[in-house]
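Taken together, the values in this text are just the output of simple stated rules run on the coordinates, not laboratory data. Please read all numbers here as calculations on a predicted model, not as lab measurements. Counting neighbours? That spans all protein chains shown, and the Cβs are built from the backbone with ideal geometry, glycine included.
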Amino acid sequence: MILGIETSCDDTSVALVDAQGWVHALVSQSQDLLHSQFGGVVPEIAYRNHSLALLPLIDQVLQSRSLSWSAVEGISVTTRPGLLGSLMVGSVVAQTLGMAQKIEVVGVNHLLGHVAAPFLKDAQHKPTFSVEEEHLCLAVSGGHSSLYRVQGLQRVQILATTPDDAAGECLDKFAKMLGLGFPGGPQVDRLAQTGNSRRFQFMDHIPNSLSFSGLKSAAQRRLAGLSIPESDLPDWCASFQEQLVDILLSHLKIWQRQTGLRRVTLTGGVSANSRLRQKVAQWAGENSLELLVTPKIYCTDNAAMIALAGLLLKEKSSLDCSSSSLPGDFV
Ligand code: KG4
Ligand code: ZN
């Protein structure tokens, strides 16, 4: 059993995952309410609350499975990228517990956690291929939007990545412009369900890279000085979401054609978006591609994906927060 710890941003999360990738426990504490009044994550508030929440969550997870420390063979913790103070809370707790309990500690790159997430197993989700089988991974979150060629977690090649804003950041800013609260992605998704996605046009072309700053600025220009009636919110959200999904899908299509890869995974917080899931599934179906979509509970930041990533990287382990070449870095 591996204990996973994730504290890279504003979610405190702890999980137990076994050597086959089965999730035995996952408990997360969101800080959304604390940050929403500021319209975004405040680093100082985030790390102070991680330091309050983490140890009780670890106890809770072990107790939920009636396990003692003797059942835990390793600790896997996010060591980068993320907010420095938040990362330090997780790393220091993991290192201290590792020393006290004489358990190996593996430092994990958060993005590799997202790459591993589709391969977690539970009663509702059994992956149809393994992480070692070569595949194309679209990882979209609040901080990152990237396409990877994956041949196991030790061999993850960056094919394309955003030169500016990530898709989630763009969604969150758009939601903020409409006064929808933080994080905005789920609100936009919910309102878009009943909206007309063709009503508003933000951009007249798909950007050449996985760039979302153009879409964000276009929305800023269109919304400047407008007071949007509540009844129009669904149409604004559906139109904006459609164009954001189209950028992601068009780059996914380009890289699938270029690499010829027939297996595809979809992961990261934004991959919880219902329209993105629907359009990617439709495209994969039409092209007979093998698609593995991350279950919604493992899309946003969680410790189960960090535990699995640690397991998959374990052979090259040891935690070194200062090293510039952690195991499982990108090639
Ligand atoms: O992976 P994640 O939890 O954190 C990072 O690693 O950044 O992703 C958070 C992002 C936020 O921008 C949030 O608005 C977005 O994921 N998100 C969604 C949905 N659920 C979360 N975006 C669109 N639709 C959703 N249903
Ligand atoms: Zn993340």
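Of the beta bridges in the stretch 1-101, as assigned by DSSP with both residues counted there, near 75 percent are antiparallel.
Sorting the segments 166-176, 291-301, 38-48 by their mean number of nearby beta carbons within 10 angstrom, highest to lowest, gives 166-176, 291-301, 38-48.
Kirkwood hydrodynamic radius of the chain, from the reciprocal of the average inverse Cα-Cα distance over all distinct pairs: 20.2 Å. Counting neighbouring beta carbons within 10 Å and listing from fewest to most, the residues Trp255, Trp283, Trp69 come out as Trp69, Trp283, Trp255. Annotation: the residues Lys253, Lys216, sorted from fewest to most other C-beta atoms within 10 Å of their own C-beta, follow the order Lys253, Lys216. Remark on Ser76: its backbone amide H falls under 5 Å from those of Leu3, Gly4, Ile5, Val106, a criterion applied only to residues 5 or more positions apart or on other chains, H modelled at 1.01 Å from N.
Antiparallel as a % of all DSSP beta bridges within the chain, to the nearest 5? If you can, show how the numbers build up before the last one.
Working: 24 of 43 bridges.
In the chain, approximately 55 percent of DSSP beta bridges are antiparallel ones.
Using a Gaussian network model of the chain in which every pair of alpha carbons under 10 angstrom is joined by a spring, one finds that among Gln63, Gln241, Gln157 the greatest mean-square fluctuation is at Gln63.
Within a 10 angstrom radius of the beta carbon, how do Ser274, Ser141, Ser28 rank from fewest other beta carbons to most?
Values: Ser274 15, Ser141 25, Ser28 18.
Starting with the residue having the fewest Cβ neighbours, the order is Ser274, Ser28, Ser141.
For the chain, hydrophobic long helices are taken as DSSP H runs at least 24 Å long by C-alpha position along their axis with mean Kyte-Doolittle hydropathy of 0.0 or more; these are 43-64, 84-101.
Extension gain Ala19-Gln151, at 0.36 nm per residue separation less the Cα-Cα distance, in nm?
On the way: separation 132, 0.36 × 132 = 47.52 nm, distance 1.91 nm.
Extra length from Ala19 to Gln151 when fully extended: 45.6 nm.
Taking a sphere under 9 Å around the Cβ of Gly74 and counting the other residues whose Cβ falls inside, with K and R at +1 and D and E at -1, yields a net charge of -1.
Go ahead and run the numbers for FRET between Leu55 and Ala224, Cβ-Cβ distance against an R0 of 41 Å, rounding to 0.05. Could the numbers behind the result be given before it?
On the way: r = 47 Å, r/R0 = 1.14.
According to the calculation, E is roughly 0.30.
Too long at a 26 Å Cα-Cα cut-off: which of Lys173/Lys314; Lys121/Lys173; Lys121/Lys176; Lys126/Lys173; Lys121/Lys279? Can you show the working numbers first?
Numbers: Lys173/Lys314 37 Å; Lys121/Lys173 33 Å; Lys121/Lys176 35 Å; Lys126/Lys173 35 Å; Lys121/Lys279 24 Å.
As for pairs spanning more than 26 Å Cα to Cα, those are Lys173/Lys314; Lys121/Lys173; Lys121/Lys176; Lys126/Lys173.
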